[in-house]
Protein chains: 2
Amino acid sequence: MNPPTAPSLLLDEQLCFALYAASRRMTATYRPLLEALDLTYPQYLVMLVLWERDGVTVRELGARLQLDSGTLTPLLKRLEQAGLLARQRRQSDEREVEITLTDSGRKLHERAADIPRCLAERICLSVDRFVNLRDELKSLAAQLAAPTDD
Amino acid sequence: MNPPTAPSLLLDEQLCFALYAASRRMTATYRPLLEALDLTYPQYLVMLVLWERDGVTVRELGARLQLDSGTLTPLLKRLEQAGLLARQRRQSDEREVEITLTDSGRKLHERAADIPRCLAERICLSVDRFVNLRDELKSLAAQLAAPTDD
DNA sequence: AAAAATTATATTGTGCACAATTAAATTTGA
DNA sequence: TCAAATTTAATTGTGCACAATATAATTTTT
């Protein structure tokens, strides 16, 4: 694979497509595991946040996952419908909606406990390469999130 | 950031979320550039393939981009509507639909020529890190695409 | 305190992704 | 040869993403 000394329009040379394809492939790898929990991948991400800290607002969830209310509101309603969480307006500020896990939502944590190990086996990267790839991706995302004039 | 010696359910330790977030951020970075061409990011990927080789079938496009007809058919119809390509059944095999660029579609290539350079400036990675990250992502996707029992 | 600005969520509409099904053309094989 | 199996697209339905807008609550300003 040639280095991108002259940035080209060739699909296989592009970082963006490698990223796009790998991300979808990763989601596809999670799919059968999450199906057992009746969760989609974005729903799983929401549950990861709530398992770390319950009682967050939609805004806080959105900040953590970089998703807006147009995505989160219907997703959270589906999780509410599934009995995993409750949504209620905050008394201190009626604009905010607080998300709290139900017993059922908390219990799902146990059933999800094996997923990271399953994935680690499937991904089969050394710790060094795993950490390096993850941190390069975080660095890239941070770079792209920064204002244009930096 | 701790190495994943014991795979956990912590969002910030997960490769999958770093991948998911970086991919969406990358698409968001393309968005304003592609808006000038009246293309979405997946439409741009289709055009990249067609600029490399015109006259491919939906199946070949799908193989290249790892997308199925449920995604491609409506997307291609929109690009046809926009006057960038034509869709016609192959005479040699009526099951296949051949996609050919119109003059307008070919002309768009010139207007897209600057996009890789714009992105390269925005991403601001050394050639080594760019190539390494891209190839690690390709390797990961290939690993995840392989049958489970490998 | 009332008006204006800001903030948080919800709603609407468009365009992917992807599973499942359907339909039509082609190939295989009994 | 012709019935069965396979291949290719299209269709249908669900669930994200995200822009744009609306609505209601809160904060800031005058």
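When the range A:36-62 is filtered for residues that are assigned to a helix (DSSP H, G or I) and either closer than 21 Å to B:Leu67 by Cα or more than 9 Å from DNA strand C (Cβ to nearest atom) (or both), the ones remaining, listed by number, are A:Tyr41, A:Pro42, A:Gln43, A:Tyr44, A:Leu45, A:Val46, A:Met47, A:Leu48, A:Val49, A:Leu50, A:Trp51, A:Glu52. Is it true that A:Asp68 is within 11 Å of DNA strand C (Cβ to nearest atom), loosely packed, with under 13 Cβ neighbours inside 10 Å and within 14 Å of chain B (Cβ to nearest Cβ)? Answer is yes for this residue. Going residue by residue through the range B:78-93, is there one that turns out to be within 13 Å of DNA strand D (Cβ to nearest atom), in contact (Cβ under 8 Å) with a residue 12 or more places away in the chain and crowded, with 18+ Cβ neighbours inside 10 Å? For the range B:78-93, residues within 13 Å of DNA strand D (Cβ to nearest atom), in contact (Cβ under 8 Å) with a residue 12 or more places away in the chain and crowded, with 18+ Cβ neighbours inside 10 Å: present. For the range A:17-58, the set of residues classified as among the charged types (D, E, K, R) and either modelled with pLDDT under 95 or over 22 Å from B:Met26 (Cα atoms) (or both) consists of A:Arg31, A:Glu35, A:Asp38, A:Glu52, A:Arg53, A:Asp54, listed by residue number. Within the range B:94-106, does at least one residue satisfy the condition of being free of Cβ contacts under 8 Å to residues at least 60 places away in the same chain, assigned to a helix (DSSP H, G or I) and within 14 Å of chain A (Cβ to nearest Cβ)? Yes. Can you confirm whether A:Ala21 is facing chain B (nearest Cβ under 9 Å), crowded, with 19+ Cβ neighbours inside 10 Å and without any contact (Cβ under 8 Å) to a residue 24 or more places away in the chain? Here the answer is yes, as A:Ala21 does meet what is asked. Inside the range A:71-87, residues that are within 9 Å of DNA strand C (Cβ to nearest atom) and either over 15 Å from A:Gln43 (Cβ atoms) or touching a helix residue (DSSP H, G or I) at 6+ places or on another chain (Cβ under 8 Å) (or both) make up a count of 5.
The values are calculated or read from the model by the stated rules, or taken from the named source; none is laboratory data. Not measured: the values here are computed from a predicted model. Cβ atoms come from the backbone with ideal geometry, glycine included; neighbour counts cover every protein chain shown.
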